[in-house]
Amino acid sequence: MNGIATSGGKEREASLPRLYLRPDEAARAIGVSKRTLSTWQSTRIIGFRRVGRTILFSVADIQAAIDRYRVAPIGESGLTRKRQMQRITPEPAAE
C-alpha cells in the first residue's frame, strides 16, 4: 500500500488530517448556516485564508472562533473569565 486511497478517480492521502475547510464544510462542521459563517467572516469573528478566489478556514481558526462563545460553568470563577477577556496593558514604569 502506498497510503493513497482512490475514490471515483480522485486520489487523496488516506492518513492526512484536513487542515483547511471550504465554507460549506466549515459551516456544516460547526453546525451553523453558511450565511452565519459568512457574517462571522465579514465581521472578522472567524479568521480565514483567501487563496485566489477560494476561501479556506483553518481548523484552528474555527476552534478559536467557537471558543469566543464559551460560557463558563457555575464552578468556574467569573473573575478568571473576565481576566481572560481583558487586554493586558503594561503598567507605567516607576521612576
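The values are calculated or read from the model by the stated rules, or taken from the named source; none is laboratory data. Computed from a predicted model, the values in this text were never measured in an experiment. Every residue, glycine as well, gets a Cβ built from its backbone with ideal geometry; the counts of neighbours run over all protein chains shown.
For (1) closer than 28 Å to Leu16 by Cβ; (2) at pLDDT below 85, each residue gets a yes or a no:
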residue: Ala29; (1), (2): yes, no
residue: Lys34; (1), (2): yes, no
residue: Asp61; (1), (2): yes, no
residue: Gly75; (1), (2): no, no
residue: Pro90; (1), (2): no, yes
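Total residues in segment 10-57 satisfying the condition of being touching a Gly at 6+ places or on another chain (Cβ under 7 Å) and outside any loop (DSSP other than H, G, I, E, B): the figure is 1. Contact map, segment 30-52: first residue more than 16 Å from Ala64 (Cβ to Cβ), second residue in a helix (DSSP H, G or I) and at pLDDT 95 or above, Cβ cut-off under 7 Å, separation 6 or more or different chains; pairs are Ser33/Ala27; Lys34/Pro23; Lys34/Asp24; Lys34/Ala27.
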